[in-house]
1. Hey, does segment 46-66 have a residue that's without any contact (Cβ under 8 Å) to a residue 12 or more places away in the chain and within 30 Å of residue 109 (Cβ to Cβ)?
2. Does residue 312 count as crowded, with 16+ Cβ neighbours inside 10 Å and touching an Asp or Glu at 6+ places or on another chain (Cβ under 8 Å)?
3. Out of curiosity, is residue 176 more than 29 Å from the chain's Cα centre (by Cα), on the phi < 0 side of the Ramachandran plot, surrounded by fewer than 17 Cβ atoms within 10 Å (Cβ to Cβ) and free of Cβ contacts under 8 Å to residues at least 40 places away in the same chain?
4. Give 314, 328 a once-over and let me know the one that is modelled with pLDDT of 95 or more and within 19 Å of residue 88 (Cα to Cα).
5. Regarding residue 371, is this residue touching a residue at least 60 places away in the same chain (Cβ under 8 Å), touching a His at 6+ places or on another chain (Cβ under 9 Å) and assigned to a helix (DSSP H, G or I)?
6. Where residues in segment 179-216 are within 30 Å of residue 136 (Cβ to Cβ) and polar (S, T, N, Q), which of them is farthest from the chain's Cα centre (by Cα)?
7. Are there any pairs with C-beta distances below 6 angstrom linking a residue in segment 344-367 that is of a type in the set (Phe, Trp, Tyr) to a residue that is assigned to a loop (DSSP other than H, G, I, E, B), with the two at least 6 apart or on different chains, and if so which?
8. For residue 230, are the conditions met, namely being without any contact (Cβ under 8 Å) to a residue 60 or more places away in the chain and either in contact with a Phe, Trp or Tyr (Cβ under 9 Å, 6 or more places away or on another chain) or under 25 Å from residue 107 (Cα atoms) (or both)?
Amino acid sequence: MRIHLRRKLLGIILGLVALPTLSAMDNAHYYKIANFEGLQSHNTKNWFNQLDIKLQYGAARSGYDFAGHKSSVLDTHGNQNMLYLVTGVPATSDVDVTDYRILAANLVNHSQNNSNFGKLSFNGKFSLLEADFSIRQNLAAGFFLEAQLPLRTIKVDNISYTDLSPETGMYSQQNRDWIRLLKLFNNVLNAYDMKNYDSVYEKTGLGELSIMVGWQYEDKKTFDFLQFLSLAFRLGLLFPTDSKADVSYAFPVSTGYDQHWGLPLRFDLNIGALSWLTFGAYTGVQFFFNKTYNNRMKTNANQSGFIKLAEGQAKTDFGAMWDIGLDAKFDHFYKGLSFLLGYSYTNKGSNDLTPSNTTIFSSSTVNSDSGLYTWRQHVIHLLAEYDFGVHIKSKKWGARLNAFYDFPIGGKNIFSTNMYGGGIGLDLQF
């Protein structure tokens with residue numbers, strides 16, 4: 001009895017010690033395709049413990065813009081309208097900014113001759129290297145604890161642009177004032193505390209730490225025609241442990257959700273149709289708390305693209321995110337080998353900014369920025385895993401090795417970042 005109690009206590013202690021130190025995923029972002037989010041385990045044994053570590057990589061040169069059309073990865077917020085870049089932006093004493101403002105004012109009067117005159121299409125490469133660590137600690141009566149947190153290295157490089165202006169004509173790529181304006185581009189960015197547009201952006205930081213409490217029910221007796229039925233509910237808290245985007249770069253990306261606290265809620269259903277075949281469905285929603293911080297915001301309705309010059313404090317109402325997914329798992333169909341095929345849809349609501357300085361920033365203008373609009377992604381999930389536990393006589397522990405590939409088949413306002421990687425897992429029964 002004492003030995004059994006000690007094992008239980010050891011399981012709780014190890015779980016609680018690991019919670020703040022192990023990390024895994026805050027998952028879907030506009031720049032990162034979601035990994036499979038459903039619960040794969042229906043093991044509700046008391047004091048059962050799962051540890052998982054995975055490494056994944058993804059890269060993108062294309063994306064889906066705010067209208068759902070394929071685009072360059074740096075054009076997902078629209079082409080950069082250079083003629084309105086400084087319109088409404090507070091003036092500086094910098095001579096180049098003054099010259100740019102005069103040139104743009106002269107050219108904008110004629111830009112209606114061609115809708116693409118004065119616009120640039122930006123190209124580049126986005127890449128993401130991510131390490132995820134996670135833990136699930138079963139307690140008793142179906143209750144369990146989970147902790148997840150990622151570590152990410154984000155990079156945007158190989159940045160260039162294509163001039164979308166007509167090749168010939170009075171208001172074209174050959175226009176002398178337009179050529180002079182482009183030559184002043186980096187100088188204007190520098191005057192507003194930004195680096196050159198083609199500066200490589202690279203940031204390494206944590207994502208958001210999430211800690212969740214859950215309850216899972218497993219039924220193996222009620223339905224004679226099923227192997228099992230499993231229901232699970234999870235509720236937690238998302239901690240703002242990420243690194244916020246560095247707005248001194250033209251194309252900044254946060255390693256998480258811009259340091260917003262969040263409340264995730266999830267539901268999972270798994271049905272064991274056969275001893276080797278399981279069907280799953282899951283859904284979840286994540287609410288975020290408002291937060292006030294520095295942003296670069298639009299000062300004119302005609303501004304478009306990633307790059308904005310004016311800075312100011314604004315309260316950000318971070319739109320809620322929800323997802324739904326389905327999967328089929330061929331579970332241990334050959335010894336310890338399993339294969340999963342899944343689909344998920346994720347939708348992130350638009351962000352709404354309330355600027356503190358209403359003299360420079362109009363709320364309607366600020367929130368017309370397509371970068372704040374709703375984003376969504378349709379994703380296919382492929383996963384293969386081998387459970388070495390089937391070869392281990394002792395049922396107190398087991399090891400798993402897996403590989404996965406997640407890729408988008410459609411979306412809106414996102415980078416088309418295919419994610420692939422592998423992981424190892426350890427199962428412990430205390």
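1. no
2. On the way: crowded, with 16+ Cβ neighbours inside 10 Å: yes; touching an Asp or Glu at 6+ places or on another chain (Cβ under 8 Å): no.
Taking the combined requirement at face value, the residue does not satisfy it.
3. The answer is yes for residue 176.
4. Working: 328 fails: within 19 Å of residue 88 (Cα to Cα).
Testing whether each residue is modelled with pLDDT of 95 or more and within 19 Å of residue 88 (Cα to Cα) leaves just 314.
5. Values: touching a residue at least 60 places away in the same chain (Cβ under 8 Å): yes; touching a His at 6+ places or on another chain (Cβ under 9 Å): yes; assigned to a helix (DSSP H, G or I): yes.
Here the answer is yes, as residue 371 does meet what is asked.
6. The first filter runs over segment 179-216 and keeps only residues within 30 Å of residue 136 (Cβ to Cβ), leaving 203-216.
Now narrow it down to the ones that are polar (S, T, N, Q): 204, 210, 216.
Working: 204: 15, 210: 15, 216: 27 Å.
The residue in question is 216.
7. 361/297
8. no
The values are calculated or read from the model by the stated rules, or taken from the named source; none is laboratory data. Predicted, not measured: the structure shown is a model, and the values here were computed from it. Cβ sites come from the backbone with ideal geometry, for glycine too, and all protein chains shown count toward neighbours.
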